[in-house]
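Heads up, the thing below is written out as structure tokens.
The values are calculated or read from the model by the stated rules, or taken from the named source; none is laboratory data. For clarity, every value in this text was computed on a predicted model and none was experimentally measured. Here the Cβ positions follow ideal geometry from the backbone for every residue, glycine too, while neighbour counts run over all protein chains shown.
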Number of protein chains: 2
Amino acid sequence: MRIGLAVGVSLVFSVLVDVSLRKGIADPAGSTIERSLPTLGFLGVRDVGVGKTIRFTIEAEGEEEAKNKVESICSTFLTNPVIEEAKITIENTDQVEGN
Amino acid sequence: MRIGLAVGVSLVFSVLVDVSLRKGIADPAGSTIERSLPTLGFLGVRDVGVGKTIRFTIEAEGEEEAKNKVESICSTFLTNPVIEEAKITIENTDQVEGN
């Protein structure tokens, strides 16, 4: 429950960015795993894709601002939008941070 | 709805393995991101952790067998259990594969 926030106080959001290669982009790490598994005795594994996750917390005044900041961080810094796509999940941690 | 499966026919499961470093293990990639963001104008980002995801499909006779196979693949091949932990998500794709 949030009753009121003083000026200069931010909410803390927990963020998960799930980055994966766009469809059709070559995935050498995934292909290597797929080729190796049968020789190790693991059969029936297909369509292996390797991605990365970035988890962090971010301060913002509201969920909308947090979302905008994270989208901006993703497209300028965390991902290559030409070959990768990012799924962003944001949760309010109910923590408050004074500036 | 599954009515009956002939011998030698497998179900196809869609698998997501979410690998992250155990608490307390140094995360140089995450630290680098955390140090770099303020110089790029993004403030208030903390506790950055970088992990990897492996997505694939696997054939098995049932969800229990799929889970056992994936756990075995994870601990022997996809992760380093000393420093990493894996969260496994398995979904039935409702596809059937004849052997």
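Observations on the model:
- Qualifying positions in region A:20-58 - of a type outside the set (Ser, Thr, Tyr) and under 30 Å from A:Gln95 (Cα atoms): A:Gly51, A:Lys52, A:Ile54, A:Arg55, A:Phe56, A:Ile58
- Hits in region B:21-35 (condition: modelled with pLDDT under 95 and of a type in the set (Gly, Ala, Ser)): B:Gly24
- The condition of being surrounded by fewer than 18 Cβ atoms within 10 Å (Cβ to Cβ) and within 8 Å of chain A (Cβ to nearest Cβ) does not hold for B:Phe56.
- Subset of region A:30-43 (residues that are in contact with a Leu (Cβ under 9 Å, 6 or more places away or on another chain) and either within 7 Å of chain B (Cβ to nearest Cβ) or part of a helix (DSSP H, G or I) (or both)): A:Gly30, A:Ile33, A:Leu37
- Pair list, Cβ < 8 Å and 6+ apart or interchain, from region B:61-74 residues that are under 15 Å from B:Thr93 (Cα atoms) to residues that are part of a loop (DSSP other than H, G, I, E, B): B:Glu61/B:Leu5
- In region B:60-97, of all residues being away from every other protein chain (no Cβ under 11 Å) and farther than 18 Å from B:Phe13 by Cα, the one that is surrounded by the most Cβ atoms within 10 Å (Cβ to Cβ) corresponds to B:Thr79.
- Matching residues, region B:21-42, being in contact (Cβ under 8 Å) with a residue 12 or more places away in the chain and either of a type outside the set (S, T, N, Q) or farther than 19 Å from A:Ile58 by Cα (or both): B:Leu21, B:Arg22, B:Ile25, B:Asp27, B:Ala29, B:Gly30, B:Ile33, B:Glu34
- Taking every residue in region B:88-99 that is in a strand (DSSP E or B) and pairing it with any residue that is among the aromatic types (Phe, Trp, Tyr), at least 6 positions away or on another chain, the pairs with Cβ-Cβ distances below 8 Å are B:Ile90/B:Phe13; B:Glu91/B:Phe13; B:Asn92/B:Phe13; B:Thr93/B:Phe13.
- Qualifying residue in region A:3-10 (condition: within 25 Å of B:Thr39 (Cα to Cα), touching a residue at least 24 places away in the same chain (Cβ under 8 Å), surrounded by 12 or more Cβ atoms within 10 Å (Cβ to Cβ) and touching a strand residue (DSSP E or B) at 6+ places or on another chain (Cβ under 9 Å)): yes
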